[in-house]
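**Q** My questions all concern the structure below.
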Amino acid sequence: MLQDIWLGQVSQMASSTPPTPTTTTTAAAAAAAAPAADEDQFDDEEDASQLAGGSGRRRLFSKELRCMMYGFGDDRNPYTESVDLLEDLVIEFITQMTQRAMEVGRNGRVQVEDIMYLVRKDPRKYARVRDLLSMNEELKKARKAFDEVKYAAT
């Protein structure tokens, strides 16, 4: 799962142009002027911020970052520039980790073991990767059990 996300992001970033600094405040101004429902408000801002930057670069994590920023104490409507900066940092981190994993691994492919090898010295990251992998296995087992029950009933 983690591997698929990283590989998908890297392939999308390879085809995009480098980010340029922007001063797009229209989405933030529109969001501040018009009261909307919580979920709809984040959806509208995501659509506007995905094309921010003039370069036409699609914003991949805008909605999630806005929600995370609010959850960690930021304003309900964080500045678009702040979200863009955080997104650039996230994409840079994913790119660097993927490139390092490709160097460590075999055949230029990123495998789960490669990621675990890279984060082995950081206890928090290592524990989080282990937790995510165990949750992924539990979800696979639950889906398989659900499918077996569903097909047995018919």
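**Q** Which ones in segment 126-154 are open to solvent by less than 100 Å² (accessible area, probe 1.4 Å) and under 27 Å from the mean Cα position of the chain (by Cα)?
**A** Y126, A127, V129, D131, L132, L133, S134, M135, N136, E137, L139, A142
**Q** Next question, about the same structure. How many residues are open to solvent by less than 60 Å² (accessible area, probe 1.4 Å), hydroxyl-bearing (S, T, Y) and either touching a residue at least 60 places away in the same chain (Cβ under 8 Å) or outside any helix (DSSP H, G or I) (or both) if we restrict to segment 73-120?
**A** The number of residues fulfilling the criteria is 2.
**Q** Could you please find all residues in segment 57-72 being assigned to a helix (DSSP H, G or I), open to solvent by 40 Å² or more (accessible area, probe 1.4 Å) and under 21 Å from E92 (Cα atoms)? Write out each step before concluding.
**A** Applying the first criterion (assigned to a helix (DSSP H, G or I)) to segment 57-72 yields 62-71.
Applying the additional criterion that residues be open to solvent by 40 Å² or more (accessible area, probe 1.4 Å) yields 63-64, 67-68, 70-71.
K63, E64, C67, M68 - these are the residues of segment 57-72 that are assigned to a helix (DSSP H, G or I), open to solvent by 40 Å² or more (accessible area, probe 1.4 Å) and under 21 Å from E92 (Cα atoms).
The values are calculated or read from the model by the stated rules, or taken from the named source; none is laboratory data. Model, not experiment: these values are computed from the prediction. Virtual Cβ from ideal backbone geometry, glycine too; neighbours counted across all protein chains shown. Note: accessible area is taken over every heavy atom of the protein model, side chains too, but ligands, DNA and RNA are not part of it. Shrake-Rupley method; radii C 1.70, N 1.55, O 1.52, S 1.80 Å.
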